[in-house]
1. What number comes out for the charge environment of LYS267, summing +1 per Lys or Arg and -1 per Asp or Glu over other residues with Cβ under 14 Å away?
2. Ranked from highest to lowest mean number of other Cβ atoms within 10 Å per residue, what is the order of the peptides 339-348, 136-145?
3. Highest mean first, how do 219-227, 290-298, 274-282 rank when packing is the count of other Cβ atoms within 10 Å averaged over residues?
4. So what is the calculated 222 nm ellipticity per residue for the chain, using -39500 (n - 2.57) for each DSSP H run with n of 4 or more, over all residues, to the nearest 500 deg cm²/dmol?
5. Hey, got the dipole for region 211-355? About the Cα centre, +1 on K and R Cβ, -1 on D and E Cβ, debye to the nearest 20?
6. Kirkwood Rh and Cα-based Rg: tell me the resulting Rg over Rh for the chain, rounded to two decimals.
7. Can you tell me the convex hull volume per residue for region 96-162, based on C-alpha atoms, in Å³ to the nearest whole number?
8. Among all helices in the chain defined by DSSP H, which have a length of 18 Å or more along the axis from Cα atoms plus a Kyte-Doolittle mean of at least 1.6?
Amino acid sequence: MWGIHMNKKLIITFTVGIFLLGMMELIVSGILELMSNDLGISHALTGQLITVYAVSFALFGPILIRLTENMPPKLVVLLSLAVFIVGNVVFGLADTFLMLSLGRVITAMAAAVFIVKILDMTVVLSEPHVRGKMLALVYMGFSAANVFGIPIGTIIGAQFGWRIIFGLVIILAVLVGIGVLMFVRSEALVDQTPEGVQKSRIKSRKNVALYIGVTLAVLIGNYIILGYISPLMTSHGFTLENVSFALLITGVGGMTGTYLGGNLIDKIGPKKTLMVSMSMFLVSLAVMPFLYDTPVLFYINMFVWSLFQWATSPAVQGGLVENVEGSSSNVFSWNMSALNLGIGVGAVIGGLFISNFDISYGPWLGFAFVLCGLIAATQIKPQTV
């Protein structure tokens, strides 16, 4: 049996860790101009650092998780933090695009391992009847990174220079490492699987594929719109201040949705949570083009959209756990790769759409992809943990 040892200090350590490493993916967008001007690199090229990170995360994550699956989880988390610190040193001292890219690749590789291992440890250390809630609390660090990470980075960068951010990140990473050393009990993570027996077995490959397919569909559908929310809104009379407000609303909606999704899966199970969340997500996408002229309703709908989009995350994670015996690291890693792939593909499709069609109807294109995800979710056969 696995140990049951989650407590408040551990939850805070795990959540802060995921916030810190989750923030690194998008922080470049908030300091892009500062970096471009400082290093004499074009905005377009600097923006590719986001792509470098997403591709590295998706590509190296599953490989590194497989390579480290027989190592003690606590050691893997601490090593990934050490590599993360090295990546931030490289990035913070970089003076060329090549060095910046190298720093991004190193941090992405570390984050891909850290986030997955932390989620897996949360599953291992949680009682089954509150597992969804525990996963949601820890994963809220990821949604919080989307809300606060970029503005925090932008403010600090503007006041003290963009390099200072990475120095602060290193200090926080050290504190997270100390928290892991102090609060994670290695004996609680010892797998009692007999020698020679497979430590991780997938019960239903079809279900795992469907859950990961849902992640891909939801993220593509979401980023077709979210990636271009600024031109979508400004083309309908909203100001850039309104866009910032809308992003804050979606951020708060995302954090609330993550918590809601986690609580729901403990009550009604992952599949039903997905069905409810994705249905409401589809409704918000369907009505969006009718609300541009009514700002109050538009903002409310933005909250609903983000709430139910993020509620799918803990539902998918809970569903993956149900379909695995032993460690969930590998399936979590595949899911995080699908998440990053979805962000990248959604942004590309959104860009092609707004170049050739009326941007106002982008939400309906997103609707089509999310509907595919909902159809996939109907094919999932519930499993017992």
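FYI, it's all coordinate maths here, none of it is from the lab. From a predicted model like this one, the values you see are computed outputs, not experimental measurements. When we count neighbours, we look across all protein chains shown, and the Cβ atoms used for this are built from the backbone with ideal geometry, even at glycine.
1. Working: positive: ARG131, LYS133, LYS271, LYS272; negative: ASP266.
Combined, the nearby Lys, Arg, Asp and Glu give +3.
2. Values: 339-348: 20.6, 136-145: 25.5.
Descending packing order for the listed peptides: 136-145, 339-348.
3. Numbers: 219-227: 24.9, 290-298: 13.8, 274-282: 22.0.
Packing proxy ranking, top to bottom: 219-227, 274-282, 290-298.
4. On the way: 14 runs with 302 residues, N = 385.
Counting only the DSSP helices, I get -27500 deg cm²/dmol.
5. Working: 3 positive and 5 negative charges, 31 e Å.
The calculation lands at about 160 debye.
6. Numbers: Rg = 20.2 Å, Rh = 21.1 Å.
Rg/Rh for the chain comes to 0.96.
7. Details: hull volume 6.1 nm³, N = 67.
Considering the Cα atoms of region 96-162, their hull volume per residue is 92 Å³.
8. Working: long enough: 8-39 (43 Å, 1.34); 43-67 (36 Å, 1.39); 73-93 (30 Å, 2.17); 97-125 (41 Å, 1.98); 131-144 (20 Å, 0.76); 162-183 (32 Å, 2.60); 205-226 (31 Å, 1.36); 240-268 (40 Å, 0.79); 270-287 (26 Å, 1.21); 295-322 (41 Å, 0.83); 329-356 (41 Å, 1.02); 362-378 (25 Å, 1.72).
Helices meeting the span and hydropathy rule in the chain are 73-93, 97-125, 162-183, 362-378.
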